[in-house]
1. Of all residues in region 1-27, which are open to solvent by less than 30 Å² (accessible area, probe 1.4 Å) and under 23 Å from the mean Cα position of the chain (by Cα)?
2. Would you say Val79 is touching a helix residue (DSSP H, G or I) at 6+ places or on another chain (Cβ under 6 Å) and aliphatic (A, V, I, L, M)?
3. Looking at (1) of a type in the set (A, V, I, L, M); (2) within 21 Å of the chain's Cα centre (by Cα); (3) closer than 12 Å to Val230 by Cβ, find the lone condition where Ala159 falls short.
4. Conditions first: (1) surrounded by fewer than 19 Cβ atoms within 10 Å (Cβ to Cβ); (2) at pLDDT below 90. Gly30 passes all but one, so which condition is the exception?
5. Give region 2-33 a look and list any residue that's in contact with a Pro (Cβ under 7 Å, 6 or more places away or on another chain) and part of a helix (DSSP H, G or I), or say none.
6. Could you list all residues from region 140-166 that are in contact (Cβ under 8 Å) with a residue 60 or more places away in the chain and in contact with a helix residue (DSSP H, G or I) (Cβ under 6 Å, 6 or more places away or on another chain)?
Amino acid sequence: MDRICYFPDPSNLTDAVTKVIAWLSESEGGATLIADDKGTATRSLRHLARAGKEEEWLRARGISLQTLRGGFSLRGDRVALLYPSVKCLGEVEERLFSPMPSSSAPSDLLVLVWNEAQALEWCRRYAPKVIGNVPAGWKQRSARADTSNVPEDIRRILALVAGKVESYGYLKFNERDRLKADMTINWSCWKPVSTEECRALCYELGMPVEATDEVVGMLDNRHQGKRLQVKRGERGYVHNP
């Protein structure tokens, strides 16, 4: 799947929306426009479609309007997210990862950005094509850390955790405690790994942003000298990668 991160010109947001709609309209297999809620869609499309007629106007152009709040489906070859929140972006990505017939999987995903910070981790994970009013120094800020110096045993442990996350769809409570226990007991092995390296490796292993944040948060707490709370049944657990 090709991913595109589109930074609009803040002085001309209507132009960005117009271009997104044109991009979706070019899809021969249909397309989907997703917003967090109807209000976001209505405000963004008011220079193009008459109030209350937005969905009809989009359908005439082969575009299905979907919202996170109302539930959504991914239809057609192209999908665009209209100023999505972190929650919206995460749920769309989760849906893209779920099993689906290849014939119905979108081939392109475009994210129209409204908040640089929210786009940063998405870009670090997927390294999408970046277009529009790209912030200064964005390429350097969004680059992943080099993971070549991460010890092999830590790499294998994180690969095991990533596999569990893929199976359950999230970092299960017992897997979280086991990882905390290992970081506590084997801190000398984990200590050389920076949080930036850990985050980059989690992304390389395909771990979702939410689970990655949890793992990196544990490591960050250990680097700060904080104690990790582990439930009694997992306190002696050590990974054997």
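The values are calculated or read from the model by the stated rules, or taken from the named source; none is laboratory data. Keep in mind the model is a prediction, meaning the values are calculated, not measured. Because the Cβ atoms are built from the backbone with ideal geometry, glycine has one as well, and the counts that use them run over all protein chains shown. All accessible areas refer to the heavy atoms of the entire protein, side chains included, with ligands and DNA or RNA removed. Shrake-Rupley method; radii C 1.70, N 1.55, O 1.52, S 1.80 Å.
1. Passing the criteria: Ile4, Cys5, Tyr6, Phe7, Pro8, Ala16, Val17, Val20, Ile21, Leu24.
2. Criteria not met by Val79.
3. Single failed check for Ala159: (3).
4. For Gly30, the failing item is (2).
5. Ala16 - this is the single residue of region 2-33 that is in contact with a Pro (Cβ under 7 Å, 6 or more places away or on another chain) and part of a helix (DSSP H, G or I).
6. Passing the criteria: only Arg144.
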